[in-house]
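The numbers here are math on the coordinates, done by the rules we state, and not lab data. Remember, it's a predicted structure, so these values are computed and weren't measured experimentally. Backbone-built Cβ (ideal geometry, glycine too); neighbour counts: all protein chains shown.
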Amino acid sequence: MSEPLLEPWQWPEPHWRKIVNQVRAGRRLRPTHWPDNARCAVALSFDSDHETNELRDGGKSIGRLSWGQYGSRVGVPRIAELLRRYQVPASFYVPAVTALLYPDEQRQLIADGHEIGIHGWIHELNSVLPHEAERDLMLRAADTLAQITGTRPVGMRTPSWDFSAHTLAIAKEMGLLYDSSLVADEDCYELLLDGAPSGVIELPVEWVRDDAVYFWMHRGQSFRPYTPPSAVFEIFQRELDAAYDEGGLFQLTMHPHIIGYRSRIWILEELIRRARALGSVWFATHAQVVRWVSEHAS
């Protein structure tokens, strides 16, 4: 006879503590200094979801697939040209299906000195997958990116930042250096798995530093852009300025099919200019930041 399901308010303390302690932030990893004595680090990232935003839910909308194609056809080239002009490295998180659709895009980004990280197989949600399915997809995604780019990824960002109870254990098994999907701090930190150091470092994200929450559009749902680009720039700039004042890390998440429009790409350019104007900033890929903090944390 099965035991009755308990409401959360009925859970005994060991039960809710086990849930809370599955994956936790451990030791904060703010370095004693940044390279060349820079005041702060700037880590720009782009999630190259492209068509997988539609495919992952079984969608077949030609219109939304074309939006994904815009990300590769216009967004990535526009972003890459801007980064090249300012000689700024960045991290691109790429679903394996995106890499298979656009292998030359990934190879060019690597040639330009950028990082390619794992972003699932088809932008699937990890929390709805059985453990074996999630593991298989992560392993295959890593192999696919390595085969296409010639460089094995050392970090990951879960699609939609959706982190299952098994994700960290799989990342540890794969020997990944870092994850960039969680939000427990503004500095990098150790990830604890069931209370013990996992060996995987977290470079945290945050929705306030993500272009999608301000600009996302879905005609068939309630998602509508609600924030003008000037206001988004102000939010991002204030995050940058505060990171500089604190001597910390400014991390930003963008999407080629969102930030890549003419009326929005200026946000990225102005942020780069603003960071340069501050006078002492280190632009780095996520992997470079994680390697630095792991060696120089106080």
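Classify region 131-179: rounded, prolate or oblate, from the alpha-carbon gyration tensor (a ≥ b ≥ c, eigenvalue square roots; a/c under 1.5 rounded; otherwise prolate if a/b is larger than b/c)? It is prolate, given that a/c is not under 1.5 and a/b is the larger ratio.
Label-to-label distance for Trp9 and Gln87 is 6.2 nm, based on points extended 7 Å past Cα in the beta-carbon direction.
When the chain is treated as a GNM with alpha-carbon contacts under 10 Å, the residue of Gly120, Gly58, Gly247 showing the greatest mean-square fluctuation is Gly58. Working note: 222 nm ellipticity from helices only, DSSP H runs with n ≥ 4, each -39,500 (n - 2.57), summed and divided by the residues of the chain, gives -12000 deg cm²/dmol to the nearest 500.
So, in Å, what gap is there between the alpha-carbon centers of region 79-137 and region 171-220? With region 79-137 and region 171-220 each reduced to a Cα centre, they are spaced 15 Å. Rg and Dmax, both from the Cα atoms of the chain and both in Å, are 19.3, 68.
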